[in-house]
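The values are calculated or read from the model by the stated rules, or taken from the named source; none is laboratory data. Small disclaimer: the values here were computed from a predicted structure and weren't measured. Neighbour counts run over all protein chains shown; Cβ positions are idealised from the backbone, glycine included.
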Amino acid sequence: MRLNDLYPFPEERKGRKRVGRGAGSGLGGTSGKGHKGQNARSGGGVRPGFEGGQMPLQRRLPKRGFKNYLFKVTYEVINLDRLLAAFPDQKEITLEDIYSRGLVKSALVKILGEGEVTRPVSIEAFRFSQSAKDKILAAGGEVKELLADEEPATSEE
């Protein structure tokens, strides 16, 4: 059985509404929009949240809490096991290596502690979870934590 074998069959599916195709279709003339008025016009209708001049709900309710979305810093996370699998024989993993391998998309990287570290490795990132730090240091490795406004080191020769 395949997905296209499942019900409903194509002939049982409801077809799209074809408006303005004559009186016999039931949707001719005004094309289901009634007679005149704002909603019958081209581009007509009211904006979302408009309640006919009554104070809209989103303005009637009180605003609460602290909004920090303008200054929120989000990190793209990657686990140790995935990172070490991508660089099996490398002793030093820099941000440039992580970017070039395509493990993350955004600029800010945080390393999480999922997985085991069996060899000493030096890892460079903007943030590390405490468990990731502990595992890297326990294996004899090194943690290089960058500041968010620092640029990753590039090799220009």
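For this structure, a couple of remarks:
- Those residues of segment 108-130 which are β-branched (Val, Ile, Thr) and either surrounded by 16 or more Cβ atoms within 10 Å (Cβ to Cβ) or modelled with pLDDT of 95 or more (or both), in sequence order: Val109, Ile111, Val117, Val121, Ile123
- Count of residues meeting criterion [of a type in the set (D, E, K, R) and part of a loop (DSSP other than H, G, I, E, B)] in segment 89-119: 6
- Residue check for Gly141: surrounded by 10 or more Cβ atoms within 10 Å (Cβ to Cβ) and farther than 30 Å from Gly20 by Cβ: yes
- Residue satisfying condition, being of a type outside the set (Asp, Glu), farther than 30 Å from Phe126 by Cα and either outside any loop (DSSP other than H, G, I, E, B) or within 32 Å of the chain's Cα centre (by Cα) (or both), within set Gly43, Gly34: Gly43
- Scanning segment 59-76 turns up at least one residue that is within 21 Å of Glu142 (Cα to Cα) and modelled with pLDDT under 95.
- Residues of segment 47-101 classified as of a type in the set (A, V, I, L, M, F, W, C) and in contact with a strand residue (DSSP E or B) (Cβ under 9 Å, 6 or more places away or on another chain), total: 11
- The set of residues in segment 1-46 that are among the hydrophobic types (A, V, I, L, M, F, W, C) and either closer than 30 Å to Arg59 by Cα or touching a strand residue (DSSP E or B) at 6+ places or on another chain (Cβ under 9 Å) (or both) comprises Ala40, Val46.
- Residue match in segment 77-93 (condition: more than 30 Å from Arg16 (Cβ to Cβ), of a type outside the set (A, V, I, L, M) and loosely packed, with under 10 Cβ neighbours inside 10 Å): yes
- Sole residue being surrounded by 10 or more Cβ atoms within 10 Å (Cβ to Cβ) and over 30 Å from Gly29 (Cα atoms), chosen from Lys105, Lys63, Lys133, Lys67: Lys133
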